[in-house]
1. Let me cross-check I29: its accessible surface, 1.4 Å probe, with only protein heavy atoms counted, in Å² to the nearest 10?
2. Quick one: net charge of W82's neighbours, Cβ under 10 Å, K/R +1, D/E -1?
3. Under 12 Å from the Cβ of S138, count the other residues' Cβ atoms, weight Lys and Arg +1, Asp and Glu -1, and hand me the total.
4. What number comes out for accessible area per residue over the stretch 8-105 if the probe is 1.4 Å? Units Å², please.
5. Leaving ligands, DNA and RNA out of it, work out the accessible area of F38 with a 1.4 Å probe and give it in Å² to the nearest 10.
6. From the C-alpha coordinates alone, can you work out the Kirkwood hydrodynamic radius of the stretch 126-166, in Å?
7. Amide H neighbours of A27 under 5 Å, counting only residues 5+ apart in sequence or on other chains, H built in-plane at 1.01 Å?
8. What part of the accessible area of the stretch 30-91, given as a whole %, is carbon or sulfur when the probe is 1.4 angstrom?
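The values are calculated or read from the model by the stated rules, or taken from the named source; none is laboratory data. This is a predicted model, so every value here is computed, not measured. Here the Cβ positions follow ideal geometry from the backbone for every residue, glycine too, while neighbour counts run over all protein chains shown. Protein only, heavy atoms only, side chains kept; ligands, DNA and RNA dropped before computing areas. Shrake-Rupley method; radii C 1.70, N 1.55, O 1.52, S 1.80 Å.
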Amino acid sequence: TVTAQPGHLNFTSIGTRDGLRSNSVNAIIKDRYGFMWFATNDGLHKFDGTNFTVYRRRAGDSTSLRSNEILALHEDAKGNLWVGTSGGALSRYDRTQDCFVNYPRGISMGNARLGTHRGDSVHPARLLPSDLVRGVCSDLQGRIWIAQFSAPYVLDPVTGRVSRIDLAPYTSDPAQKM
């Protein structure tokens, strides 16, 4: 006899009564160390199976998250946790210091274009056209891919260089090629 599903599923619900600051969860991952990470509208939550540690923006602290609204999570091949936010761009969790390295920061963009989502004004302090990161992933070379509404971007974590990927050649919609 072959069954399609196991006989018993163990499911545990976790909510605000258990330590989450928000029941609006945008992403969940389990990292290589066994921690569960919850991206919520009110901070990043690390769950060790018993307790939550909550990471939130702390005004004036450059090693904290730059936004409390967490939209995307990704663990790369080296075990780095990447955090995409709404309003704070991209951050990498530094496990040894228990803090965050925020990207992109005041580094050279090479040939990547700076500006708003329409590309019509330059903001040298901002290295992505928007601080809203919808998704994060990595490739086999260790580069970090950043999904934004305007276009995808690639971050080289070694050099800090951010490059915009132009999708216009790949679209059949003439309006998208403008």
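1. Rounded to the nearest 10, the figure is 30 Å².
2. Numbers: positive: R92; negative: E75, D76.
Net charge around W82: -1.
3. Details: positive: K78, R92, R143; negative: E75, D76, D139, D156.
Around S138, the charge tally is -1.
4. 53
5. 20
6. On the way: mean 1/r = 0.0969 Å⁻¹.
Hydrodynamic radius (Kirkwood, Cα pairs) of the stretch 126-166 is 10.3 Å.
7. For A27, the qualifying residues are A39.
8. Values: 1150 of 2670 Å².
Reported share for carbon and sulfur atoms: 43 percent.
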